[in-house]
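Encoded as structure tokens, the structure appears first; notes follow it.
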Amino acid sequence: MRDLRRAALLHDIGRAAIPTGVWEKPGPLSIAEWEQVRLHPYHGERILLRAPALAPLAATAGMHHERTDGSGYHRGVAGTAVDAPARFPAAADAFHAMTEPRPHRPALTSTSGAAALAAMPLDRDAVAAVLAAAGQPRPRPPAWPGAPSDREVEVLRLLAAGRSKREIAGRLVLSPATVHTHAVHIYAKAGVLRQGRRVDPGGPCDVGDGARPGRAGAGYRLNGRCGGEGRLRTVGRSTVPS
């Protein structure tokens, strides 16, 4: 927490490397000027790295303009690649900037700034913490398609990036078994199975449909047909292919 606070205090030190005329320009920035602005987190990171006592703060301070969808700068990283401590200065900096006047625009009200912040691709917990500190109500997070949890979304992103369950476990500080359970829940909520066969949650099966009592296939339709013996197995509360 101490390092996070210090990194937050120093996050914009790289602004000193950009001409004042760029920051105070009342009109739109040119392409070259915008590229200078986008590099100020990089300059700040380099400045902090040159001081041994401040070097541990460099990565957090240097990522305060990164966004969870990869649209930020200067690295353009996304999701869990955004340093966890840096997500809080990112949200705080965005809210602070929007609610202060700039040469090219007036300040937003706290209420308007809170609404704009909640809509940005930022860490939800960081946004909630910043708005709570600003005396604003906690935003209602939009529901993910299929209603996965935030943790399941993190796991899904890493799976889609080709990470193994063991690698995901290390990245998210989980056990491989927990990652597997999250993956099973993701497949069930998405209505798909790992072998490319679809689960149809909209039509329960019964014994007369070919599923035997007590078998995992009961209650699921596989590609429109009820699962039979040996077709499915239960892991936790979800069903996956054998």
Nearest-20 debye value, the stretch 56-177 charge dipole, Cβ charges on Lys, Arg, Asp, Glu: 160 debye
Using a simple spin-label model with points 7 Å from Cα along the Cα→Cβ vector, what separation in nm is obtained for ARG140 and THR178? 3.0 nm
Report the extension gain between VAL22 and ALA132 in nm, rounded to one decimal, defined as 0.36 nm multiplied by the number of residues separating them, less their alpha carbon distance. 36.3 nm
Tell me which residues come under 5 Å, amide H to amide H, from LEU122 once H is placed; ignore anything under 5 positions away on its chain. THR68
³J(HN,Hα), Karplus 6.51/-1.76/1.60, whole Hz, each residue of the stretch 12-25, x for Gly, Pro: 9, 4, x, 4, 5, 7, 9, x, 4, x, 5, 5, 9, 5
Using 7 Å Cα-to-Cβ label points, what is the ALA119/ALA160 separation (nm, one decimal)? 2.2 nm
Spatial separation of Cα centroids for the stretch 1-43 and the stretch 144-174, in angstrom: 33 Å
The stretch 150-161 - phi-based ³J(HN,Hα) in whole Hz, Karplus 6.51/-1.76/1.60, Gly and Pro as x: 4, 5, 5, 5, 4, 4, 4, 4, 6, 4, 5, 7
Burial order of peptide ranges 24-33, 129-138 (average beta-carbon count within 10 Å, highest first): 129-138, 24-33
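Each reported figure results from applying straightforward, stated rules to the coordinates on display, with no laboratory input. Just so it is clear, the structure is predicted and the values come from calculations on it, not from any experiment. Backbone-built Cβ (ideal geometry, glycine too); neighbour counts: all protein chains shown.
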